[in-house]
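Just below is one structure, and these are the notes that go with it.
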Amino acid sequence: MSCLPISDEASRCELVQLLTRQQFQVTAVESGVRVLELLESAEIFDVVVTDGTLSDMSAYDLLSEIRLRYGEDALGVVALDDREDRQQVVRFLRNGGSDCIQKPFLADEFISRIFQVASIQRRVQALHSIAARDYLTDIYNRRYFFQVGPRLVDQCLRRGGVTSIAILDIDHFKRLNDTYGHEVGDLVLKAVAKRLLAQVGEEHLLARLGGEEFGILFNNLNVADASSFCEDLRIDLASAKVVADDEELSVTVSIGLATIESHESFDNYLNAADQFLYMAKYAGRNRIVSELTLLNSIAS
């Protein structure tokens, strides 16, 4: 899919026709702000093809904002430019632009270069998809959680929202490994990950952080709603049975849940959740602890 921010309507229509004839799915817009709004709403594009100068920003400014919010290779960004100042082209490419096509251009040249950028982008995304997965459970891994999590938090806070982050830890996992062996431990990890993914889905960010720990970064859920969500997860996991060596094993989890309402380092959010997780373990496991839990405890 491609996004086409072009200020001039006639040029925009011409380029849409060129791309759609080559089976591209095209979203045409008039401004850079509209591109950012679409990306913010989770629209997925392989390539953004933009005028060198839009009505509200330059191609360079749009590129800078995209790279700041979504990383260096989340999507390709191509500029169309008719200025004679080649230093601007160099500046655009040096700062992460995928290509810069000088106007006027041949239709075949334009299509060929867009195909090239889109093809490279798809290969990059395929490699990222492989690198983002935990080898055992096939959910996202710690690296991806720390790579994407800060951008999701930033998006939420820029919209004026609050959200929450949770760490889940399988109770007595070391004892389980020592008793039944690591193969059974791996079966339990896979089973827990599968059930978590079924509940969390794509709405929130779920990852295996390492060992028997899992992280959830909630999408715009305050601590009360996230606590309710986590309680459902806890009950669901406690009611499930993992079959290993013809024996049914019960699994419970402890959960630490922290709210996110201001800009801090991502490590700080995770450390806060980890502190609440420690309290949940200390209080007897198979429970959720958050600031809400502590406030309710004081009130009672």
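Details
- When the alpha-carbon atoms of the chain are used, the pair Rg, Dmax equals 23.8, 74 angstrom.
- Base-10 log of normalised Debye intensity for the range 1-125 (one unit scatterer per alpha-carbon) at q = 0.10 Å⁻¹: -0.26
- Helix 9-21 and the long axis of the chain differ in direction by around 70°, with both axes built from C-alpha atoms.
- Choice from 44, 114, 66 showing the highest fluctuation, given a GNM over the chain with Cα pairs closer than 10 Å: 44
- Taking GluC sites (Glu not before Pro) across the range 17-53, the ones in a DSSP loop with at most 13 further Cβ atoms lying within 10 angstrom of their Cβ are 43.
- With the convex hull drawn over the C-alpha atoms of the range 195-237, the volume per residue is 68 Å³.
- In percent, rounded to a whole number, the relative contact order of the chain is 14, using alpha-carbon pairs under 8 Å and six or more apart.
- Relative contact order (percent, whole number), the range 2-131, Cα cutoff 8 Å, 6+ residue spacing: 23 percent
- Residues 179, 27, 259 in ascending order of nearby Cβ atoms (within 10 Å, fewest first): 179, 27, 259.
- Whichever lysines have a C-alpha closer than 29 Å to that of residue 194, once near sequence neighbours (fewer than 8 apart) are set aside: 174, 241, 281
- Proxy reagent accessibility, fewest Cβ within 10 Å first, across 128, 263: 263, 128
- Stokes-Einstein D for the range 239-299, Kirkwood Rh over Cα pairs, 25 °C, 0.890 mPa s (µm²/s): 184 µm²/s
- Per the Kirkwood formula applied to alpha carbons, the range 170-231 shows a radius of gyration over Rh ratio, Rg over Rh, of 1.04.
- Sequence-separation-based contact order of the range 140-299, relative, with Cα cut under 8 Å and 6+ spacing, percent: 30 percent
- Loop-located GluC sites (Glu not before Pro) in the range 122-227 whose Cβ has at most 12 other Cβ within 10 Å (DSSP): 202, 203
- For the range 128-224, alpha-carbon Rg relative to the globular expectation (2.2 N^0.38 Å, N residues): 1.17
- Each of 167, 235 was scored by other Cβ atoms within 10 Å of its Cβ. Listed from fewest to most, they are 235, 167.
- Cα-derived Rg over Rh, computed across the range 168-300 with Rh taken as Kirkwood radius: 0.98
- Max mean-square fluctuation residue, GNM over the chain, Cα-Cα springs under 10 Å, options 83, 142, 151: 83
- Under 15 Å from the Cα of residue 103 - aspartates and glutamates, other chains or at least 8 residues apart: 8, 14, 51, 81, 82, 84, 85
- Taking all pairs of distinct alpha-carbon atoms in the range 210-274, Kirkwood radius in angstrom: 13.7 Å
- Rounded to 10°, Cα long-axis angle of helix 142-158 versus longest principal axis of the chain: 70 degrees
- GNM top mover of 290, 254, 228 - the chain, alpha-carbon springs below 10 Å: 228
Each value in this text was obtained by applying a stated rule to the coordinates, not by laboratory testing. Keep in mind that what you see is a predicted model, and the values were worked out from it rather than measured. Here the Cβ is made from the backbone with ideal geometry for all residues, glycine too, and neighbour counts use every protein chain on show.
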